[in-house]
Structures are given as C-alpha cells and as structure tokens.
Amino acid sequence: NYRTVTVPTLDVISKKTYEITEFPRGRTVFDWHFHAQRIPLKDADWDLSPDENYPTPIIWGSTYAISTKHFWELKPDSGLITQGADFLEMSFKINLCGGSLYEVPCSRIAHLYRRFPYEKHDHDIDFKAANNKRVAEIWLDEFKEALYSRHPERYKRIEIDEEDIQEQLELKKSLKCLPFRHFIQELAPDM
C-alpha cells in the first residue's frame, strides 16, 4: 500500500557523553505543548514480536519513509517556517487522510538534539508558536483551544491569515480527511 508510511525507532545521543540511549517499544504522541511524547503500545500490539512493525500516531523527529506519490498527494504545508510542528502536520495528514503510520523497531536512528532549539527566525517571529498555531488552525478542529490554553499570551500574538491557510483547508476537504476527533478517539485515546 503506497499510503503506508514508516518511521524508525529514534534513539537519543547524550549531549554530554555521546552515549546512545535506546528507546523501548512505544507509540509516539504529543502533549498539549506540541512536544513529542512516548506512551506504551496499545494492548493488542503487545502480542507482536519485538521486530514486528506496529502503529504509531506521530512521526518522531521528522524522519520517515514515504512513497513519492503519497508525499505529493499530502502536499506538505509550505507556510511552515524553518522547523517545528512539521512532524505533527505530516502525521495528522497521514493518519486522518487515508494513510497509515508504523514504527519499524529493527530500523534505528540515533539523534543528537540541540540543547536550545531555535527560538527566532529572520524576522524576530516566534516561529515555533506560529507553526503550532498554523497546524492547529488547519488540523485540530475544536481541540485547538487545548493547545492555546497552555500559553494564551504567546498564541494571541500570532495572527493566522485565513486566506494563507485556505489551500491546506481545501486539501483537507479534497482528501476527505477525518476530523481530529478520530485521532483522539481511535489513534491516541490514552494520550
């Protein structure tokens, strides 16, 4: 199925010692600050052998394998600035618009995270908040307030132009994407 997307298990390299810490089996979700989090497998997935692929709601760290055809069908949002929320945007599109996302435990990548992620872009914009709000306005439906309520002043400063996100909203309709409620109820009810 060309709409099946896979992600490796993303291990962590220590900033101090450069030792690799292997991540155990688990699913990737997000918290309401839009940070990636790991939670246990669903009960039905514990019966899988340790090297079998299993469903996961979110891409961790923007590392994934996807067919070219499916990638261009999903039309990644060119309105996102530099980095931040892109992994969520793609995860929501995959899971809500006819695709499926699996973690492949025998494929592992070790990642050295920045101590202090980027905070500003060229224009003195809080681009992380701008990206988060853009993704929320397009994908979260009535759940967007759960994100905004964590940092209300931060998100009030960010203006989203309805015309600027219109192409993504139309894509959502044309792909017959499921509402975000499906993500919460079916893919990550224990998030």
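The values are calculated or read from the model by the stated rules, or taken from the named source; none is laboratory data. Values in this document were obtained by computation on a predicted structure and should not be read as measured data. Here the Cβ is made from the backbone with ideal geometry for all residues, glycine too, and neighbour counts use every protein chain on show. Keep in mind that these areas ignore ligands, DNA and RNA; they rest on the heavy atoms of the full protein, side chains included. Shrake-Rupley method; radii C 1.70, N 1.55, O 1.52, S 1.80 Å.
Numbers at a glance
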read-out	value
Residue within segment 52-66 that is at pLDDT below 90, touching a strand residue (DSSP E or B) at 6+ places or on another chain (Cβ under 7 Å), on the phi > 0 side of the Ramachandran plot and open to solvent by 30 Å² or more (accessible area, probe 1.4 Å) present	yes
Residue satisfying condition, being farther than 30 Å from Pro50 by Cα, open to solvent by less than 70 Å² (accessible area, probe 1.4 Å), at pLDDT 95 or above and small (Gly, Ala, Ser), within set Ala129, Ala146	Ala146
Residue selected from segment 42-61 under the condition part of a loop (DSSP other than H, G, I, E, B) and closer than 17 Å to Phe183 by Cβ, by the criterion farthest from the chain's Cα centre (by Cα)	Lys42
Residue in segment 13-42 that is nearest to Gly84 (Cα to Cα), counting only those that are of a type in the set (Phe, Trp, Tyr) and open to solvent by 30 Å² or more (accessible area, probe 1.4 Å)	Trp32
Residue count, segment 1-12 (criterion: surrounded by 14 or more Cβ atoms within 10 Å (Cβ to Cβ) and at pLDDT 90 or above)	7
Every pair of residues 6+ apart whose Cβ atoms lie under 6 Å, when the first sits in segment 103-116 and is modelled with pLDDT of 75 or more while the second is open to solvent by 60 Å² or more (accessible area, probe 1.4 Å) and not hydroxyl-bearing (Ser, Thr, Tyr)	Val104/Asn53; Pro105/Asp51; Cys106/Asp51; Ala110/Ile20
Members of segment 152-189 found to be over 18 Å from Ser78 (Cβ atoms), touching a residue at least 24 places away in the same chain (Cβ under 8 Å) and either part of a helix (DSSP H, G or I) or open to solvent by 60 Å² or more (accessible area, probe 1.4 Å) (or both), listed by number	Arg154, Tyr155, Arg157, Lys176, Leu178, Pro179, Phe180, Arg181, His182, Phe183, Ile184, Leu187
Single residue of segment 132-143 satisfying the filter (in a helix (DSSP H, G or I) and of a type in the set (A, V, I, L, M, F, W, C)) that is surrounded by the most Cβ atoms within 10 Å (Cβ to Cβ)	Val135
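Conditions (1) on the phi < 0 side of the Ramachandran plot; (2) open to solvent by less than 40 Å² (accessible area, probe 1.4 Å); (3) of a type in the set (Ser, Thr, Tyr); (4) assigned to a loop (DSSP other than H, G, I, E, B), marked per residue:
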{"position": "Glu73", "(1), (2), (3), (4)": "yes, no, no, no"}
{"position": "Leu80", "(1), (2), (3), (4)": "yes, yes, no, yes"}
{"position": "Gln83", "(1), (2), (3), (4)": "yes, no, no, yes"}
{"position": "Glu89", "(1), (2), (3), (4)": "yes, yes, no, no"}
{"position": "Phe92", "(1), (2), (3), (4)": "yes, yes, no, no"}
{"position": "Pro105", "(1), (2), (3), (4)": "yes, yes, no, no"}
{"position": "Ile109", "(1), (2), (3), (4)": "yes, no, no, no"}
